[in-house]
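K.L.:
Starting off with a structure, shown below.
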Amino acid sequence: MPHYYSLGIVPEKRHIVSRQPNGDLYQEELVGTQGFGGLSSLVYHLYPPTMVKQKGEPYSVKPEIAVDNGLNAMSFMGCNVPAEADYLKSRKTLLVNDAMHIGLAAPMLSTPYFYKNADADEMLFIHEGSGTLKTMYGNIDFKYGDYLIIPRGTVYQLTFNDTQNRILYVESFDPIFTPRRYRNDFGQLLEHSPFCERDIMRPKNLQTINEMGEFDIYIKKKGVIFPYVYINHPFDVAGWDGYHYPYGFSIFNFEPITGRIHMPPPIHQTFESKNFVICSFVPRLYDYHPDAIPAPYHHSNIDSDEILYYVDGDFMSRNNIKKGQITLHPGGIPHGPHPGAIERSIGQKETKELAVMIDPFQQLKITKEAMNIEVKDYYKSWLPNH
Ligand SMILES: [Fe+2]
């Protein structure tokens with residue numbers, strides 16, 4: 001949950017005369033979400049943010065659904081999503097419902113254009129690579145293990161330091177926040193939260209770019225990309241203040257909560273939205289009751305699907321899992337540790353596992369892109385001697 005923040009020059013009062021050194025007025029823009037009731041920022045541009053020169057032909061990037069209604073534990077080899085030069089083309093949507101899209105991208109090149117998701121907050125989890133997220137609010141450097149939360153409506157560019165990049169992403173049609181139970185009435189993260197404000201990476205290095213020309217902004221709305229050309233650079237911002245801005249958080253700054261006996265998945269929770277939660281499984285000490293079973297118990301997530309994205313380390317409850325692999329354990333049927341994993345966990349002192357879990361509260365549909373990287377017969381992987 002972002003706090004009030006400001007970079008650059010902002011007038012003493014909102015909605016009053018404020019002039020640039022050349023005498024022109026700053027062009028004030030309220031960037032607001034959820035009508036006028038959500039998070040917003042006031043942004044001071046050099047030029048009006050409305051100067052569209054031309055519009056290109058819109059094109060659909062709607063995911064094609066392969067499995068509309070399944071009840072199948074499935075797995076997908078995320079590392080087999082091919083690297084592609086272009087960022088937007090490299091994004092492969094794998095799992096969708098009405099509230100969210102989940103996908104993977106392996107872009108090789110920085111974006112020469114600008115991109116804006118008009119109806120979804122985006123969460124990018126950087127599995128491989130490093131670079132800079134550039135926005136009109138300032139820049140955020142990112143590296144392995146960083147979550148980037150980019151609120152809807154934020155025009156952005158990604159520059160990469162190398163060609164080897166791998167990103168897990170979520171598009172959420174409701175805002176993404178930190179868990180409500182970790183915040184007080186004023187939004188401050190409480191003492192029992194596994195992270196605090198100091199761990200949040202806010203935009204820095206606001207650069208006001210005064211440039212005229214042709215600037216391509218690809219705007220995504222309802223599964224369609226609308227190519228727009230503006231005559232001024234979108235990062236022509238002298239200053240801004242408010243609560244609507246992108247931020248980053250490293251999974252390595254998530255301080256795990258541990259206990260004497262097995263702690264339930266919500267203690268790993270990092271973000272929440274109306275229709276899903278995101279959790280971080282990080283290296284930690286295991287349960288310290290002398291007879292504790294560190295592996296999780298079998299469980300029936302009756303009304304929630306469960307996605308695990310394996311980032312690094314040995315995942316103690318699963319056999320034969322590779323980095324970048326995804327498992328989908330659907331609501332409605334139980335799942336649990338793989339054969340041997342419970343016994344194997346007894347007496348273990350710590351785990352090095354690193355994984356991102358996404359629990360959607362609505363059933364996920366499986367896309368054709370996901371079926372291309374499916375691990376066949378994963379649903380049989382709990383059979384003895386599988
Ligand atoms: Fe589970």
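The values are calculated or read from the model by the stated rules, or taken from the named source; none is laboratory data. The model shown is predicted, which means the values in this text are computed figures rather than measured ones. Positions of Cβ are backbone-derived with ideal geometry, glycine not excepted, and every protein chain shown enters the neighbour counts. For accessibility, only protein heavy atoms count, side chains too; no ligands or nucleic acids. Shrake-Rupley method; radii C 1.70, N 1.55, O 1.52, S 1.80 Å.
K.L.:
Under 9 Å between Cβ atoms, which residue pairs at least 6 apart in sequence (or on different chains) link something in the range 244-260 that is closer than 25 Å to A292 by Cβ with a partner that is polar (S, T, N, Q)?
P.N.:
From residues that are closer than 25 Å to A292 by Cβ, the pairs are I251/T270; I251/S280; F254/T270; F254/S280; E255/S193; P256/S280.
K.L.:
Of the residues I326, I293, I302, which is open to solvent by 50 Å² or more (accessible area, probe 1.4 Å), farther than 25 Å from E255 by Cβ and within 16 Å of the ligand (Cβ to nearest atom)? Steps first, answer last, please.
P.N.:
Numbers: I326 fails: open to solvent by 50 Å² or more (accessible area, probe 1.4 Å); I293 fails: farther than 25 Å from E255 by Cβ.
Testing whether each residue is open to solvent by 50 Å² or more (accessible area, probe 1.4 Å), farther than 25 Å from E255 by Cβ and within 16 Å of the ligand (Cβ to nearest atom) leaves just I302.
K.L.:
Output the strands (runs of 3 or more DSSP E) that fall wholly within the range 10-128 and possess 1 or more residues being exposed (fewer than 12 other Cβ atoms within 10 Å of the Cβ), or say none.
P.N.:
Working: elements: 27-32, 40-45, 52-55, 65-67, 74-77, 92-96, 100-105, 114-117, 121-128.
Result: 52-55.
K.L.:
Out of all the residues in the range 317-339, which are farther than 14 Å from V375 by Cα and either of a type in the set (V, I, T) or part of a strand (DSSP E or B) (or both)?
P.N.:
Result: I333, P334, H335.
K.L.:
Please indicate, with yes or no, whether at least one residue in the range 356-371 is open to solvent by 60 Å² or more (accessible area, probe 1.4 Å) and over 20 Å from H101 (Cβ atoms).
P.N.:
Looking for residues that are open to solvent by 60 Å² or more (accessible area, probe 1.4 Å) and over 20 Å from H101 (Cβ atoms), one finds none in the range 356-371, hence no.
K.L.:
Any residue in the range 322-330 that is more than 27 Å from D68 (Cβ to Cβ) and in contact (Cβ under 8 Å) with a residue 60 or more places away in the chain?
P.N.:
The initial filter retains those residues of the range 322-330 that are more than 27 Å from D68 (Cβ to Cβ), namely 322-323.
In the following step, the residues that additionally are in contact (Cβ under 8 Å) with a residue 60 or more places away in the chain were identified as 322-323.
Yes, because at least one residue in the range 322-330 is more than 27 Å from D68 (Cβ to Cβ) and in contact (Cβ under 8 Å) with a residue 60 or more places away in the chain.
K.L.:
Residue under question is E171, and the condition is that it be farther than 27 Å from T258 by Cβ and touching a residue at least 40 places away in the same chain (Cβ under 8 Å); does it hold?
P.N.:
Numbers: farther than 27 Å from T258 by Cβ: yes; touching a residue at least 40 places away in the same chain (Cβ under 8 Å): yes.
Against the criterion (farther than 27 Å from T258 by Cβ and touching a residue at least 40 places away in the same chain (Cβ under 8 Å)), E171 qualifies.
K.L.:
Anything in the range 245-287 that is surrounded by fewer than 20 Cβ atoms within 10 Å (Cβ to Cβ), more than 16 Å from the ligand (Cβ to nearest atom) and either closer than 17 Å to L190 by Cβ or of a type in the set (S, T, N, Q) (or both)? List them, or say none.
P.N.:
S250, N253, E255, P256, I257, T258, N275, listed by residue number.
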